[in-house]
Structures are given as structure tokens and as C-alpha cells.
Amino acid sequence: MSLRLLYLIFVRIGGWLWLLGRSSASKDVELLVLRHEVTVLRRTNPKPRMN
């Protein structure tokens, strides 16, 4: 149990450090890709209409 907790803490801190080290351009590209994915998903699964 404690090993799993230490592993999760390490992975979470490592992810935060990795995000801090990224350039602004790569963050902008990721935002554009995520927006495109959301647009595609909304197109394939439209919201149900209220009757």
C-alpha cells in the first residue's frame, strides 16, 4: 500500500515538473489539438434536443 502511494506521488510530481519545463509553443499546439478533438466529438455526438 505505501509503495503504491509513493509511486503515485512520484508520478504526479514528475508530471508537474515535466509540464513546467515545456515551451509555450508546445502548450499552444496541445491546446489547439484538444480543441479540435472536442469539436470532432461534439460533431459525432450532438447534444440531445429538448422536446
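Yes/no per residue for (1) over 15 Å from the mean Cα position of the chain (by Cα); (2) charged (D, E, K, R):
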position: Leu3; (1), (2): yes, no
position: Leu6; (1), (2): yes, no
position: Leu19; (1), (2): no, no
position: Ala25; (1), (2): yes, no
position: Glu37; (1), (2): no, yes
position: Arg42; (1), (2): yes, yes
position: Asn45; (1), (2): yes, no
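Give the residue, chosen from Arg49, Arg42, Arg22, that is surrounded by fewer than 10 Cβ atoms within 10 Å (Cβ to Cβ) and not aromatic (Phe, Trp, Tyr).
Answer to the selection: Arg49.
Take region 1-42 and flag every residue that is part of a helix (DSSP H, G or I) and charged (D, E, K, R).
Across region 1-42, the qualifying residues are Arg4, Arg12, Lys27, Asp28, Glu30, Arg35, Glu37, Arg42.
Rule-based calculations on the coordinates, nothing more; no lab input. Since the model is a prediction, treat every value here as computed from it, not as a measurement. Ideal geometry is used to build each Cβ from the backbone, glycine not excepted, and the neighbour counts take in all protein chains shown.
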